[in-house]
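As structure tokens, the structure follows; a few thoughts come after it.
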Amino acid sequence: MSKHILVVDDEARIREVLLYALQKEGYAVTAVADGRAAVEAAGAGTVDLVVLDVMLPELDGLEVCRRLRAGSRTPILFLSARADEVDRIVGLELGGDDYLTKPFSPRELVARVRALLRRTEAPPPAPAPASTGARAAVLRHGPIEVDTERHEARYLGQPVSLTATELGVLGALLERPGVVLSRGQLMQRAYRYDNLITERTIDTHVRRIRAKFRVVGGDPIATVHGVGYKLQGA
């Protein structure tokens with residue numbers, strides 16, 4: 001079955017461009033023009049990814065993201081006419097997976113959509129045990145678990161709701177307990193199918209992972225200043 005993309009933008013011209021570009025790639029596309037319609041469309045059926053403009057009537061894109069993240073991990077790609085770093089960080093902190101500044105190339109947008117969907121479909125690769133050559137389905141370090149088949153994270157058995165992007169970052173660290181990974185290495189290991197992620201984006205996703213684990217009493221990632229990140233206690 002083709003993936004279902006929800007496009008949310010109040011500019012008719014941009015909606016038309018995105019409809020054409022995404023349908024040409026074989027995706028099923030629903031397009032709406034305001035934030036309330038976006039929330040309704042996302043709740044009415046299965047949506048595999050949301051392309052979401054920040055500046056919208058009724059509800060802005062940031063509020064739409066808040067409402068969607070209350071009950072869904074569907075990947076969200078933000079669109080914005082503003083290139084300020086603070087705007088990009090706010091969108092990612094709220095649970096967005098990627099951020100694209102207008103004007104943009106339809107080809108680049110399709111590439112980002114494809115990469116986000118791959119992250120959702122393909123779990124973080126686990127190292128093969130030497131004895132069998134098989135891949136482990138669950139990565140563990142102390143109280144932290146990532147189930148690569150179910151796309152789930154847990155701390156002391158408690159579920160932690162991570163987006164596909166966040167799961168990729170944590171999975172990459174779990175593959176190499178005790179090893180400090182630079183931002184560049186995290187980009188390569190967590191997003192080996194996607195060269196569009198930036199180092200600033202990695203920082204934002206790490207902050208979100210830590211914040212979510214703190215809610216259940218954990219803090220899985222340590223910052224090694226000037227170098228990168230590693231698992232706490234490793």
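For the reader, a short list of remarks on this structure follows.
- Within segment 93-115, tally of residues that are assigned to a loop (DSSP other than H, G, I, E, B) and surrounded by fewer than 18 Cβ atoms within 10 Å (Cβ to Cβ): 4
- Scanning segment 175-209 for residues that are modelled with pLDDT of 70 or more, over 25 Å from Arg66 (Cβ atoms) and basic (Lys, Arg) gives Arg176, Arg183, Arg189.
- The set of residues in segment 42-51 that are crowded, with 18+ Cβ neighbours inside 10 Å and either free of Cβ contacts under 8 Å to residues at least 40 places away in the same chain or over 19 Å from the mean Cα position of the chain (by Cα) (or both) contains only Ala42.
- Residues that are of a type in the set (Gly, Ala, Ser) and within 20 Å of Thr223 (Cβ to Cβ), drawn from segment 140-191: Gly142, Ala153, Gly168, Gly171, Ala172, Gly178, Ser182, Gly184, Ala190
- Count - residues of segment 21-41 that are in contact with a helix residue (DSSP H, G or I) (Cβ under 6 Å, 6 or more places away or on another chain) and open to solvent by 20 Å² or more (accessible area, probe 1.4 Å): 6
- Restricting attention to segment 67-87 and to residues that are open to solvent by 40 Å² or more (accessible area, probe 1.4 Å) and of a type in the set (A, V, I, L, M), the residue that is nearest to His151 (Cα to Cα) turns out to be Ala70.
- Set Val90, Val54, Val64, Val17: member being open to solvent by 40 Å² or more (accessible area, probe 1.4 Å), within 20 Å of the chain's Cα centre (by Cα) and hydrophobic (A, V, I, L, M, F, W, C): Val90
- Every condition in (1) within 24 Å of Thr165 (Cα to Cα); (2) out of contact with any strand residue (DSSP E or B) (no Cβ under 8 Å at 6 or more places or on another chain) is met by Val51 except one, and the failing one is (2).
- Subset of segment 24-41 that is assigned to a helix (DSSP H, G or I) and more than 22 Å from the chain's Cα centre (by Cα) - its residue that is nearest to Phe104 (Cα to Cα): Lys24
- Filtering segment 152-177 to residues that are open to solvent by less than 40 Å² (accessible area, probe 1.4 Å) and not aliphatic (A, V, I, L, M) leaves Tyr155, Thr163, Thr165, Glu166, Gly168, Gly171, Glu175.
- Test: residue in segment 1-19 that is at pLDDT 95 or above, touching a Phe, Trp or Tyr at 6+ places or on another chain (Cβ under 6 Å) and either at negative phi or among the hydrophobic types (A, V, I, L, M, F, W, C) (or both): yes
- On the stretch given as segment 42-69, residues that are closer than 19 Å to Val29 by Cα and part of a helix (DSSP H, G or I) total 7.
- Of all residues in segment 70-92 being touching a residue at least 60 places away in the same chain (Cβ under 8 Å), out of contact with any His (no Cβ under 8 Å at 6 or more places or on another chain) and part of a helix (DSSP H, G or I), the one that is nearest to Gln23 (Cα to Cα): Arg88
- Inside segment 154-167, residues that are touching a helix residue (DSSP H, G or I) at 6+ places or on another chain (Cβ under 6 Å) and of a type in the set (A, V, I, L, M, F, W, C) make up a count of 2.
The values are calculated or read from the model by the stated rules, or taken from the named source; none is laboratory data. Remember, predicted model here, so these are calculated numbers, not experimental data. Note that each Cβ is placed from the backbone with ideal geometry, even for glycine, and that neighbours are counted across all protein chains shown. Ligands, DNA and RNA are excluded from the accessible area calculation, which covers all protein heavy atoms including side chains. Shrake-Rupley method; radii C 1.70, N 1.55, O 1.52, S 1.80 Å.
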